[in-house]
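Asker: One structure is given below, represented as structure tokens, and several questions about it will come after.
The values are calculated or read from the model by the stated rules, or taken from the named source; none is laboratory data. Note that the structure is a prediction, hence the values are computed from the model and not measured. Cβ atoms come from the backbone with ideal geometry, glycine included; neighbour counts cover every protein chain shown. Remember, those area values only see protein heavy atoms, side chains included, never the ligands or the DNA or RNA. Shrake-Rupley method; radii C 1.70, N 1.55, O 1.52, S 1.80 Å.
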Amino acid sequence: MKIFLVRVVSFLISTFLVLEVFFRVGLPARQYPMSTMDPETGIRNYQSSTGGVFSYGALCLGRYRWRINPQGWNSQFDYFDQSQRDNPMVALIGDSYLEGYWSDLTDHIDVQLHELSQGQVDFYSFGTWGAMLSQYLIISQDVIARYQPDLIVVFLNEDDAKGSLYGEASDLIYCFTVDTLPDGTLQMVPPQRLTSSRLIPIMLKSATLRYLKTNRNLAFLARGAVVDPNANLSEPEDSSPDDEYFDPATVLVTNYLLDQFESLSVPVIFVADGPRAPIYSGEVDPGSFADCSFIEQLCLSRDNIQFINLAPYFVEDWENSHTMFSSEENPHWDGYGNSVVARAIYRDLINAI
Amino acid sequence: MLFNSIPFAVFLPVVFLIYWMLTKRSLLLQNSFVLLASYAFYGWWNKHFLLLIIFSSLVDYLVGLGLASSEEQNRRRLLLGMSFAVNLGLLGFFKYYNFFISSFNELLGSIGLAADVHTLNLILPVGISYYTFKKLSYTIEIYKKTIEPTRNAVAFFSFIAFFPQLLAGPIDRASTLLPQFLKKRKFSDPLARDGLRQMLSGFVKKMVIADNLSPFVEDFFTNYAQYDGVSLVIGLFFLAIQLYCDFSGYSDIAIGCAKLFGFNLMQNFAFPYFSRDIAEFWRRWHISLSTWLRDYIYVPICGARPSRQKKALNIVITFTLCGLWHGANWTFVLWGFIHGLYFLPMTLAKRYPRFIGTAAKGKFLPSLREARGMIVTFAATSFAWVFFRSETIGDASGYLGRMFSHPFMHQNYSRFLPLLLASVLILFVEWLQRNKEHFLQIEHFPMVFRWIIYYSIIIVILVFGAFGSNEFIYTQF
């Protein structure tokens, strides 16, 4: 019995070591940074100065490089305040689409825009998974205070308006939301503090466990302790805004947030993403996400906010190239998608600064 | 609790360690702990149905004692009848009540009479078909005086509820398994190691092959009208491999698991797709059931010196009942009936049995005659699987009809290629090991090679395995 147990334990240990090597060299398991939260501002980004390779699926496809810069954002560039840089700067603010784990670091939109400007304009990217309009506002205010941009570009997606309501977004507990007080006034509600046990980060240093948790989506491993920025993301559904969906509370909160954006000291451009499936199936008018259309309507009367809808650009590009602009796994932009978006918005951005 | 689930991954090592470390001094402790673990294993699924097992086990325990204490034939018949009534009554009620009621209603409806007998919302207790047959074999054998009943209640209850085989067999007989519960088990290193190897072979068959084939098979049988004949033949091949890998995978895990606790269960599958005729197939497929049916249905109804015609008829009856055992649906009945028909030529021509022993013994390749036999047998059993898998007989004939009416439509077959290769690979590995109990019986290999094989299999399971705790097909029967 003892010999059997010793043999079994030795086998398990050696198996673990073999798997560790295999999931680092043979099929490199997904690496992703640990989320952190600024204790002062409550803004969530990542542990700075780290890097790795993001893979997806059982066969570890993709293998996109990422780099968390010293300021805690996934970008090839380091960020400097106005006094330390020579170029005008455009701050790009968005969710996981902008964060860009589903494309290589060198294909990100900030790099592509920088190249389009031939190095004359700096583009700083502030993408954070699961964010929505209220969180974009907080990041915009912080970015203005830290880096003094010349233009703010906010990338909108599904649920960005509705998700900003306190209590509506149960899975977005690490973002700022807006609550209505009994006297009718509105206030920003800070996010729940990001916590994780000390054991989990150590556990996830194991390539095997990371592979099982992220590449194979085995949820029982480290459930809820470390937030996988790309878990459970599915193709958003397009729909048109209707009166029932956008109740008075949503209208009130969204107008409040837009007021705050309008009062920022720099001009703002909203860029609305578009649906994927209708475009790939050849529809000329693919529609748009309900929340994006809703925000667009509310922006019509606001002078300081410009609005760009990406859907027509995607349609045009698909008709010409028939190249998918999103990952095969989910609707995140791939490297090509980043270039499509960069080309679509570049001229408007330059004109705005 | 399913073998391919996280709770079982925790349950097994805990039970194993307690069993060998704390209970090895006494048989009573060993059996009590096995019983406790088995009830916990079953209760994890549904604790209410535990009472059913306990009740029916108690009945057979008492019937066994009653049979032993009586020589009076009428009383013995009565006791055996009581065992039959309780066991088959429970099985019939839970498994077949709705089937017979709806068939009865349909029959009355077809002759213009309105039937008003309602079906019930019944849950089929998992494993009832298996432990019922196990218990019946106990009372029948005591009645026939081929075994002695046990007075050791804990041993008997453990034998009935033994967790590795509780959900889907093998249906071990009391004559071979019960004595193992009456003797203190000593840890056997070679047996335990072989058990682990057999479990590993079962997991790879279930998680990598069967569970990956499952969505394809589901799609083929749901949307057969969209496929051409070539695709549907591939679907048939996938179904045959899925059923085999799912059930033989389960059996390997169950047998391997029992070995860890010092028990030897009977072999349930002996590489059936290398059978050279239908008789050999049934000596290699679900052996514990086919031998049970042979010994307790076919032989008794045949009587002494049956004519060829009577033999043939009884084979058809036995296989039709075999179909009914699998499920309360006419598709299963027809599947069994077809298998019964397959036996007719050889039974009527008195050519049974033709093939004994392993195919191509001592050679790498089979002879042309053997190869032809294997191909024909595989094709025949695969054809019958269509009825086994389809929801209705109409669906089955629709599938087969489509296969021949639209043989070739230039569909995209390349998406089936990875699983075709995987299926062929598992068959190839099994062919190499066809004279063994399972394909990972490689204890004669040098340790380095063995461990490399284990590592490779574990990597294959982690990378290609399906991790959804998918149910085993045969646990539904």
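Asker: What FRET efficiency comes out for residue A:304 versus residue B:47 if R0 is 51 angstrom and r is the Cβ-Cβ distance? Round to the nearest 0.05.
Answerer: Working from the Cβ atoms, E equals 0.20.
Asker: Rolling a 1.4 Å sphere over the protein heavy atoms, what is the accessible area per residue of region A:1-107, to the nearest Å²?
Answerer: Accessible area per residue: 44 Å².
Asker: Still on this model: Among the lysines, which fall within straight-line cross-link reach of residue B:24, defined as a Cα-Cα distance under 17 Å, with same-chain neighbours fewer than 8 residues apart omitted?
Answerer: A:2, B:183, B:184, B:186, B:259
Asker: If a/c stays under 1.5 just call it rounded; otherwise compare a/b with b/c (prolate if a/b is bigger, oblate if not). Do that for region A:79-352, with a ≥ b ≥ c from the square roots of the Cα gyration tensor eigenvalues.
Answerer: rounded
Asker: Tally up the carbon and sulfur contribution to the accessible surface of chain B as a whole percent, 1.4 Å probe, everything protein left in place.
Answerer: 67 percent
Asker: Still on this model: Among A:334, A:110, A:179, determine the one that fluctuates most according to a GNM of chain A built with springs between C-alpha atoms less than 10 Å apart.
Answerer: A:179
Asker: How do the peptides B:444-451, A:39-46, B:45-52 rank, highest first, by the average count of neighbouring beta carbon atoms within 10 Å per residue?
Answerer: Top to bottom by mean Cβ count within 10 Å: A:39-46, B:45-52, B:444-451.
Asker: Label-point separation (nm) for residue A:320 and residue B:447, each offset 7 Å from Cα along Cα-to-Cβ?
Answerer: Here the answer is 6.6 nm between the modelled labels.
Asker: What is the interface area between chains B and A, defined as buried accessible area summed over both chains with a 1.4 Å probe, reported in Å² to the nearest 100?
Answerer: Answer for the B-A pair: about 1900 Å² buried.
Asker: On the accessible surface of chain A, probed at 1.4 Å, how many percent belong to carbon and sulfur atoms?
Answerer: 52 percent
Asker: As a test of reading the structure, rank A:251, B:10, A:121 by solvent-accessible area (1.4 Å probe, protein chains only), most first.
Answerer: Sorted descending by solvent-accessible area, the residues read B:10, A:251, A:121.
Asker: Mind checking the per residue accessible area of chain B for me, 1.4 Å probe, whole number of Å²?
Answerer: Solvent-accessible surface per residue comes out at 43 Å².
Asker: Quick one: work out the % antiparallel among DSSP beta bridges in chain A, nearest 5.
Answerer: Antiparallel bridges: around 40 percent, rounded to the nearest 5.
Asker: What does the C-alpha gyration tensor say about the overall shape of the protein assembly as shown? Classify as rounded when a/c is under 1.5, otherwise prolate if a/b is larger than b/c, or oblate.
Answerer: prolate
Asker: Just how large is the dipole of chain B about the Cα centre, in debye to the nearest 20, putting +1 at every Lys and Arg Cβ and -1 at every Asp and Glu Cβ?
Answerer: That gives chain B a dipole magnitude of about 1760 debye.
Asker: Using just the helices of the protein assembly as shown, give the 222 nm mean residue ellipticity in deg cm²/dmol: DSSP H runs with n ≥ 4 each add -39,500 (n - 2.57), and the total is spread over all residues, rounded to 500.
Answerer: -16000 deg cm²/dmol
Asker: So which trypsin sites (Lys or Arg not before Pro) in region B:169-253 are both in a DSSP loop and have at most 16 other Cβ atoms within 10 Å of their Cβ?
Answerer: Here the trypsin sites (Lys or Arg not before Pro) that fit, given the DSSP loop and packing criteria, are B:183, B:184, B:186.
Asker: Quick one: grab the alpha carbon gyration tensor of region B:6-186, order the square roots of its eigenvalues as a ≥ b ≥ c, and give me rounded if a/c is under 1.5, else prolate or oblate depending on whether a/b is larger than b/c.
Answerer: Verdict is oblate for region B:6-186.
Asker: Once you put a point 7 Å from the Cα of residue B:411 and another 7 Å from the Cα of residue B:93, both along the Cβ direction, what distance in nm separates them?
Answerer: Between residue B:411 and residue B:93, the simple spin-label model gives 4.5 nm.
Asker: Can I ask one more? Expected output is a single nm value to one decimal: the length gained when fully extending between residue B:107 and residue B:393, i.e. 0.36 nm times separation in residues minus the C-alpha distance. What is it?
Answerer: 101.3 nm
Asker: Quote the FRET efficiency, to the nearest 0.05, computed for residue B:26 versus residue A:16 with a Förster distance R0 of 41 Å and r equal to the Cβ-Cβ distance.
Answerer: So, using R0 = 41 Å, E works out to roughly 0.70.
Asker: Just which residues of region A:1-48 lose 50 Å² or more accessible area with every protein chain there, against their chain alone, with the probe set to 1.4 Å?
Answerer: Hits at the 50 Å² cut-off: A:1, A:4, A:7, A:11.
Asker: What average number of partner chain Cβ atoms lie no more than 10 Å from the Cβ of the residues making up A:209-218?
Answerer: Per residue, the average neighbour count from other chains is 2.
Asker: I need the phi-derived Karplus couplings for region B:101-110: 6.51 cos²θ - 1.76 cosθ + 1.60, θ = phi - 60°, integer Hz, Gly and Pro marked x.
Answerer: 5, 5, 5, 5, 4, 5, 4, 4, x, 5
Asker: Suppose we keep just the DSSP beta bridges with both residues in region A:1-155; what percent of those would be antiparallel, to 5?
Answerer: The antiparallel proportion sits near 50 percent.
Asker: Let me know the volume per residue of the alpha-carbon convex hull for region A:90-195, in Å³.
Answerer: Convex hull of Cα atoms, per residue: 123 Å³.
Asker: Something else: Quickly rank A:65-78, A:319-332 as a protection proxy: mean count of other C-beta atoms within 10 Å, highest first.
Answerer: The packing order, highest mean first, is A:65-78, A:319-332.
Asker: Please compute, for peptide B:455-463, the average count of beta-carbon atoms on other protein chains lying within 10 Å of each residue's beta-carbon.
Answerer: Mean shielding count: 5.
Asker: For a quick protection proxy, order the peptides B:238-248, B:424-434 by their average other-Cβ count within 10 Å, most packed first.
Answerer: For the peptides B:238-248, B:424-434, the packing ranking is B:238-248, B:424-434.
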